[in-house]
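Taking it in order: structure first as structure tokens, then the write-up.
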Amino acid sequence: MRNISSNTGSPFYPIFLRLKQRQVLVIGGNIEAERKVRRLSRAGAQITVIADALTEDLAAFAADGVIEWMKPPVEPRHLGDRHLIVVADAAPATLEWVRDQAERQGVPFNAVDQLEQCSAIVPSVVDRSPLMIAVSSAGTAPELARMTRSRIERMLRPGSGRLASLLSELRVPIRTRYPEIPKRRQFLNWAMTGPPADAADQGDDNAAANHILESLADQRQTPTGEVMLVGAGPGDPELLTLRALRAIQSADVIAYDGLMDPSILDYARRDAKLLSVAKRAGDKGIDQAQICELLIEHASSGARVVRLKGGDPLIFGRAGEEIDALQAADVRLSIIPGITAASGAAAALKMPLTQRDRSQSVRLVTAHCAKGIDCIDWAALAAEKQTLAFYMGISTLDQVEHNLIAHGRSPETPVAIVENASQPMQRRITGQLGELSSLAHAHQLVSPAITFIGEVAASVTVPA
């Protein structure tokens, strides 16, 4: 038989203790003891505190009967029938004696900031009761555990706990309606990410329950699908919004474009269907009508579909065509905005888009094809004290340069070009409007890139 023992893992076994109506002893009356008491009280424990003095809040807990307060010394009679012993503040001799007694009686023992003395440690907890997530570094890096807990908290929907309680209450009708595990899993995924979850996030438990009950009464085998237009941001996965991340993690189908960092797809479920709908200049790939048909087809089958677009879906993302098509097909639709490329690139450059003495407005312009160039109001764009952000226009920068100068913009106007903004391979080029096209050719810039033209670009520096 294979030997599965190992000395490389954590010395602690993760477990949750049922402490409701069970005896717990806390030694010490300081702020650390107060923190322990608050958590133990939420678990329903019957708490005895032994201390010379108590914090103001602990004294209030004692007055209200939340805890029993006893004065030292700690005696053997205080340790009987305990399910957990916590030392928050005690002399070394007292701590060691209590530890030995706890070990002899097989009672879990925790000492604050005394890892080597502990038979039990308290993890950093994300509490969305009844959903609880414990994070521990086995006491070696508590700050890292707290940081990890904070990141998990930001990822969880605010109504997760209420929704978990509701689904527990409706467990029997859900199992009756969906006895097969795959269909039940699909229903639960809908409940935890769709309208019931939205209602729970808003604190409307009745609406959440009604959504679930109405769906259970529906004779269709699956809940109605939906499409979410989601902004993936300018590139760096860290710039995803929390709502975008939750949508990606809950999607059955993700239709993604070619202007986003592919590592963002690592957040998707393993069983999610990933569909590339990238459209590149000069590439005869899938057209917009086909994309709309694809979204409608999957949503109509009951799938939760994410249409993932680089930047913000409402800025140069053809969202209008998709919104029209989805609404015409009566498909449930929601939109999750993202950080648009202009904001992401400007942040990477440490460049303001507006500045009181240099720029009073920002214009977002698409210039990715010659036909589009002909429709631009160049006279309006040539006005001073405004920042121009040209999206997807590397191949047409010679025309941008020519038209702006021809309509009165100074050839000495500062420019900055950012390729792969916010990503590790980001490049930045600076110069003047009169050399814009030659800069792009000399540095062989490629998409995705964004070009800024205006006085604010004078503040951009290029690393040596």
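The values are calculated or read from the model by the stated rules, or taken from the named source; none is laboratory data. On a predicted model such as this, the values are computed, not experimentally measured, just so you know. Cβ coordinates were reconstructed from backbone atoms using ideal geometry, including for glycine residues, and neighbour counts include every protein chain displayed. Accessible surface areas use protein heavy atoms only, side chains included; no ligands, DNA or RNA. Shrake-Rupley method; radii C 1.70, N 1.55, O 1.52, S 1.80 Å.
Below, the figures for the structure above:
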read-out	value
Of all residues making up region 140-162, the number that are more than 23 Å from residue 244 (Cα to Cα) and either out of contact with any Pro (no Cβ under 9 Å at 6 or more places or on another chain) or of a type in the set (Asp, Glu) (or both)	6
Matching option when the condition is over 24 Å from residue 310 (Cβ atoms) and open to solvent by 60 Å² or more (accessible area, probe 1.4 Å), among 438, 410	438
Residue check, residue 432 without any contact (Cβ under 8 Å) to a residue 12 or more places away in the chain and either polar (S, T, N, Q) or open to solvent by less than 20 Å² (accessible area, probe 1.4 Å) (or both)	no
Filtered residues of region 314-327 (kept if open to solvent by 40 Å² or more (accessible area, probe 1.4 Å) and either over 21 Å from residue 364 (Cα atoms) or aliphatic (A, V, I, L, M) (or both))	314, 315, 324, 327
Residues being closer than 26 Å to residue 201 by Cβ, surrounded by fewer than 16 Cβ atoms within 10 Å (Cβ to Cβ) and within 19 Å of the chain's Cα centre (by Cα) - total across region 244-279	4
Qualifying positions in region 152-188 - open to solvent by less than 30 Å² (accessible area, probe 1.4 Å) and either among the polar types (S, T, N, Q) or assigned to a helix (DSSP H, G or I) (or both)	160, 161, 163, 166, 167, 174, 187
Residue check for residue 162: touching a Ser or Thr at 6+ places or on another chain (Cβ under 7 Å), among the basic types (Lys, Arg) and within 24 Å of residue 269 (Cα to Cα)	no
Identity of the residue in region 413-462, in a helix (DSSP H, G or I) and of a type in the set (Gly, Ala, Ser), that ends up farthest from the chain's Cα centre (by Cα)	434
Extreme residue, surrounded by the fewest Cβ atoms within 10 Å (Cβ to Cβ), among residues of region 375-398 that are among the aromatic types (Phe, Trp, Tyr) and under 37 Å from the mean Cα position of the chain (by Cα)	391
Residues of region 328-366 classified as over 19 Å from residue 431 (Cβ atoms), open to solvent by 50 Å² or more (accessible area, probe 1.4 Å) and assigned to a loop (DSSP other than H, G, I, E, B), total	7
Flag if residue 401 is of a type in the set (Asp, Glu), more than 32 Å from the chain's Cα centre (by Cα) and surrounded by fewer than 21 Cβ atoms within 10 Å (Cβ to Cβ)	no
Listing of strands (runs of 3 or more DSSP E) fully contained in region 48-146 that carry 1 or more residues being modelled with pLDDT under 90 and buried (at least 16 other Cβ atoms within 10 Å of the Cβ)	124-128, 131-135
Residue list for region 7-38, filter: surrounded by 17 or more Cβ atoms within 10 Å (Cβ to Cβ) and of a type in the set (Gly, Ala, Ser)	28, 29, 33
Any hit, region 345-361, residues being within 27 Å of residue 292 (Cα to Cα) and touching a helix residue (DSSP H, G or I) at 6+ places or on another chain (Cβ under 9 Å)	no
Unmet criterion (only one of (1) touching a helix residue (DSSP H, G or I) at 6+ places or on another chain (Cβ under 7 Å); (2) closer than 30 Å to residue 423 by Cβ; (3) at pLDDT 85 or above; (4) of a type in the set (D, E, K, R)) for residue 154	(3)
Cross-chain or 6+ apart pairs with Cβ under 7 Å, region 78-97 first and under 12 Å from residue 109 (Cβ atoms), then in a helix (DSSP H, G or I) and among the polar types (S, T, N, Q)	79/101; 79/105; 95/117
Failed item, numbered, when residue 41 is tested on (1) open to solvent by 30 Å² or more (accessible area, probe 1.4 Å); (2) assigned to a strand (DSSP E or B); (3) among the polar types (S, T, N, Q)	(2)
Residues of region 194-204 that turn out to be open to solvent by 50 Å² or more (accessible area, probe 1.4 Å) and either aliphatic (A, V, I, L, M) or modelled with pLDDT of 90 or more (or both), as a count	1
